[in-house]
Structure formats: structure tokens, C-alpha cells
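Asks: First the structure, then my questions, so here it is.
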Amino acid sequence: MDVIQAIDVMNHPPEAERGLGGDVFQYEEFKIMLRTTFKAAAKPRAPRTPSADGEKPRSESKGLLAGHASVAELIADMDALGYDRIVITATKMWSYRYHHKLILDYSIDDVGRLVAEGKGRIIGAASYNAWRIEESLAEIERGVREHGFRYVWFHPLSFGMAPNDRRFYPLYAKCNELDIAVGLQVGQSAEVLPSDVGRPMLVDDVAIDFPNLRINLSHTGWPWIDEWCSMLWRHPNVYGDISAYYPRSLDERQVRFMDSSRGRDKVLFGTNGLGLKACIEQFNALPIKDETKRRVLRDNAIQFLKLD
């Protein structure tokens, strides 16, 4: 099979410029995450040695969420590994239990700058603060109008709110108005945040109320895999990405669904800081059809984000 030029639908600004947003691991939620759900992934890997032709080892050898020093370095990795484009989102995350403030709050202007530097290789996405609805809607519109953003990704779990909460409906209406897609975390939270509001079936109301809104159920929906598969299968406008999990650790039910006619056209690929190389190599090693790999790595994202 020819090399598929992948589209990564889920990443954050430090993937393109390490250090943007400061040190997230100062916050208790992320400290606990490194001791629990990301314990194995957080172990630093041995740095790669230069190749025989003198090529320097890439920065991602430094481990989990290592990111890249610059957009140029990111694009060099993308070229070497077979990535066409990558989504960078101006993520917002609220500290529900410990700090009671935004512990992730990336600037849309910083993401806009990364998009400009990427010259078509980086797709910008805004985010949403459920405590600042009007401000968030204005920021989303500015991201689209000024920086060409095509997406909004938000984190309802960190606010302790279900995706069908009335405070998210203005966001869905704005995305409909702007004809851009929306994505949200479903499933458990890797950080210590309320997870029950992440049940994929809670998006059912949203998909029914907004039948033309393209919705991505991000981060696999685990442990509610069957609900995640049901939502993608039942709703023409609902997709789901497999980011935040290494492909080799995906639930067998999810892999079977992804490789079937029910799910092949609805699953999206993403890395979420786990490493461009590891994620694409593990995905390509999955025992699934070539047709599925092409759909998941590329074609579905083009359809979901209306790229071409």
C-alpha cells in the first residue's frame, strides 16, 4: 500500500512550539495523571542516536508531550513520518476540584501565528469556556474570520458539565452558523475530573438537535466503548477520534468497529501529544484493512473538516 499522508485531528500548541502556555505539570490534575493513567507513557525514553548519514535525532524522543521546538521542526517530522496536516487547538481546561481556574488557556492569536507559520500544514481550532459564553463565542468567530480556523475542540468534563448542558448550546449554534466542526472529550478523564458527564450517549440530544453540525467524540469514549460506537453508527453527523490512546492499546471492540462498514467512514486519527512517530507506526501495524487505514488516517478528516 502507498504511504497515506495522515491528518492528525487532535493536538495542542506545544506540539508546534514547546513551552507555549507554560508548565501544565504545575497543576495537581496533571501531577496525578502522571502517577496514574499516564504512568507508563510518562516514562522518559532513551534518546535516539544520529543515523549513519548524520541526521539528528528528532525531539519527540524525549517522551510524553515533548512536542517540538518550532513549527519548522514539527513540519520536518511530519514530512519524515508521512503527515500531511495537523490540527492545533487553543485548548481551554477548567480546574474543577483543585484550582478553580483555567489551567489550560491557549491564545487563539498564538495558534493563529502557528497556522500562518505552517503555511497550510497546520489547521487551527478554537476552544470554549463555559463560564464566559459571550466572550468565548466572540473569540471563536475571530479565530475563524482572522486566522482561518476550521474547528472548535472543548473539554466539558473539566467544567463538570454534560455535553447536552444548556451552557454548551450557544457553542453548537455558533459552529453551525460558521459551518465549522466541533469536537469534545468523551469517556473518562485522564486527569482527576468528573468522568460520568463524559458518557458518549449524552451527545445523543446534541446530534438530534443539531443534525447538520459535524461532531467529533474525542479520545475513544473509553470505558463506554459501546456507546461511542453506537453514536457514530446511528448519527450521520457524528464522528469519533482515537487520540490520547496509543493505537496498540485500543479496545478490541473499537478496532473491530473501526474496521467494519459501520465505523470505517466515521473514525478519525489523532495523537494528542503521544508522539507522531509512535502513533502512526502503531496504527499502521493494526490488523485492519488498507481501506480502513486510508479512511481513518486521511479521508474521514477531509470530510469532517471540509478540507478539500
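Values in this text are rule-based calculations from the coordinates and carry no lab data. Please read all numbers here as calculations on a predicted model, not as lab measurements. Cβ: placed from backbone, ideal geometry, glycine included. Neighbour counts: every protein chain shown.
Asks: Count the lysine pairs in the chain whose Cα atoms lie under 24 Å apart, taking only pairs 8 or more positions apart in sequence or on different chains.
Replies: For the chain, qualifying lysine pairs total 27.
Asks: Label 7 Å along Cα→Cβ of residue 173; segment 191-225 residues with amide nitrogen under 19 Å?
Replies: Only 205-215 pass the distance filter.
Asks: Quick check on the exposure proxy: order 68, 12 from fewest to most C-beta atoms within 10 angstrom.
Replies: So the ranking, lowest neighbour count to highest, is 68, 12.
Asks: Continuing with the same structure: With equal scatterers on the alpha carbons only and no solvent term, can you work out the Debye log10 of I(q)/I(0) for segment 186-308 at 0.10, 0.11, 0.12, 0.23 1/Å?
Replies: The Debye formula, applied to the Cα set alone, gives -0.28, -0.34, -0.40, -1.47.
Asks: Let me know the whole percent of all Cα-Cα pairs from segment 262-308 that are separated by more than 13 Å.
Replies: Summing the P(r) tail past 13 Å for segment 262-308 gives 57 percent.
Asks: Also: Report the residue, chosen from 230, 218, 261, that carries the largest GNM mean-square fluctuation when the chain is represented by alpha-carbon nodes joined by springs under 10 Å.
Replies: Most flexible of the set in this elastic network: 261.
Asks: Highest mean first, what order results for 145-151, 186-192 on Cβ atoms within 10 Å?
Replies: The packing order, highest mean first, is 186-192, 145-151.
Asks: Obtain the nm distance between the two label points defined at residue 302 and residue 109 by a simple spin-label model: each point lies 7 Å from its Cα along the Cα-to-C-beta direction.
Replies: 3.6 nm
Asks: What trypsin sites (Lys or Arg not before Pro) in segment 202-308 are in a loop by DSSP, with at most 15 other Cβ atoms within 10 Å of the Cβ?
Replies: Answer by residue number: 262, 289, 306.
Asks: Follow-up. How long are the three semi-axes of the equivalent ellipsoid of segment 74-121, in whole Å, if each is the root of 5 times an eigenvalue of the C-alpha gyration tensor, listed from largest down?
Replies: 29, 13, 7
Asks: I'd like the distance separating the alpha-carbon centroids of segment 117-142 and segment 171-195, in whole Å.
Replies: Here the answer is 13 Å between Cα centres.
Asks: For a Förster distance of 25 Å, can you work out the FRET efficiency between the beta-carbons of residue 135 and residue 166, rounded to the nearest 0.05?
Replies: The value I calculate is 0.90.
Asks: Looking at the chain as a GNM with Cα springs under 10 Å, which of 217, 34, 274 has the largest mean-square fluctuation?
Replies: Comparing 217, 34, 274 in the GNM, the peak value goes to 34.
Asks: Stretched out fully, how many nm does the piece from residue 142 to residue 76 gain, at 0.36 nm a residue minus the Cα gap?
Replies: In short, 20.8 nm is gained.
Asks: Provide the convex hull volume over Cα atoms per residue for segment 84-206, in Å³.
Replies: That works out to 108 Å³ per residue.
Asks: Averaged across orientations, what area in nm² does the convex hull of the alpha carbons in segment 127-260 project?
Replies: Result: 8.0 nm².
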